[in-house]
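Novice: Have a look at this one.
The values are calculated or read from the model by the stated rules, or taken from the named source; none is laboratory data. Just so it is clear, the model here is predicted, and its values are computed rather than measured. Using ideal geometry, Cβ is built from the backbone for each residue, glycine included, and neighbour counts are taken over all protein chains shown.
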Amino acid sequence: MLIKLGIVTTGVALLLGGTAQAAEPTPPTCPSAVQIGSTAIVKRGTSTMATITQFQGCGGKYGHVRLTSSGAFRADISLRADGITTPPTRGEVNQKDVWTFSRVLNDKCSRAVATVWVDEDALTGASGASC
């Protein structure tokens, strides 16, 4: 299995001629949550495969990965801060939106981290950190 890293923040993608991404949804269990940190884009070659975002609200932090690719894929999402990583939440095959939640990292600089599996490739990315 090949592991490739493909991260570009939304701002850099726009500078390089990429297209703007649709607004990320809020967590289904906390519509008042707000995005923290920058959005990451996971690419495979020149194709955008997923976006990774982090939200805060309702007493905790949320990680979100939205798959934008077609074909068979699967994704995990977790939160990471100061050497602590929450257990990953694994989506079903072809599940477009995968969410995770934690109260453990509320007082820490954190980021959402996702791995997307497409064919034989494992693509990993992380949102911008938020303190």
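Novice: Cβ-Cβ below 8 Å, separation at least six or inter-chain, first residue in segment 29-57 and closer than 19 Å to Ser70 by Cβ and polar (S, T, N, Q), second surrounded by 24 or more Cβ atoms within 10 Å (Cβ to Cβ) and modelled with pLDDT of 95 or more: which pairs?
Specialist: Thr48/Val42; Thr51/Ala40; Thr51/Val42; Thr51/Val65
Novice: Output the number of the condition that Leu79 fails; it satisfies all remaining conditions of (1) over 16 Å from Thr124 (Cα atoms); (2) modelled with pLDDT of 95 or more.
Specialist: Answer for Leu79: the failing condition is (1).
Novice: Just for strands (runs of 3 or more DSSP E) wholly inside segment 36-91: which have at least 1 residues that are surrounded by fewer than 20 Cβ atoms within 10 Å (Cβ to Cβ) and of a type in the set (Ser, Thr, Tyr)?
Specialist: Counting at least 1 such residues, we get 47-57.
Novice: Here's a follow-up. Out of (1) of a type in the set (A, V, I, L, M, F, W, C); (2) assigned to a strand (DSSP E or B); (3) surrounded by fewer than 20 Cβ atoms within 10 Å (Cβ to Cβ); (4) touching a Phe, Trp or Tyr at 6+ places or on another chain (Cβ under 8 Å), what's the single condition that is false for Ala122?
Specialist: Among (1) of a type in the set (A, V, I, L, M, F, W, C); (2) assigned to a strand (DSSP E or B); (3) surrounded by fewer than 20 Cβ atoms within 10 Å (Cβ to Cβ); (4) touching a Phe, Trp or Tyr at 6+ places or on another chain (Cβ under 8 Å), the lone unmet condition for Ala122 is (4).
Novice: Now a separate question. Hey, among the residues in segment 92-119 that are among the β-branched types (Val, Ile, Thr) and closer than 13 Å to Ile52 by Cβ, which one's surrounded by the fewest Cβ atoms within 10 Å (Cβ to Cβ)?
Specialist: The residue in question is Thr115.
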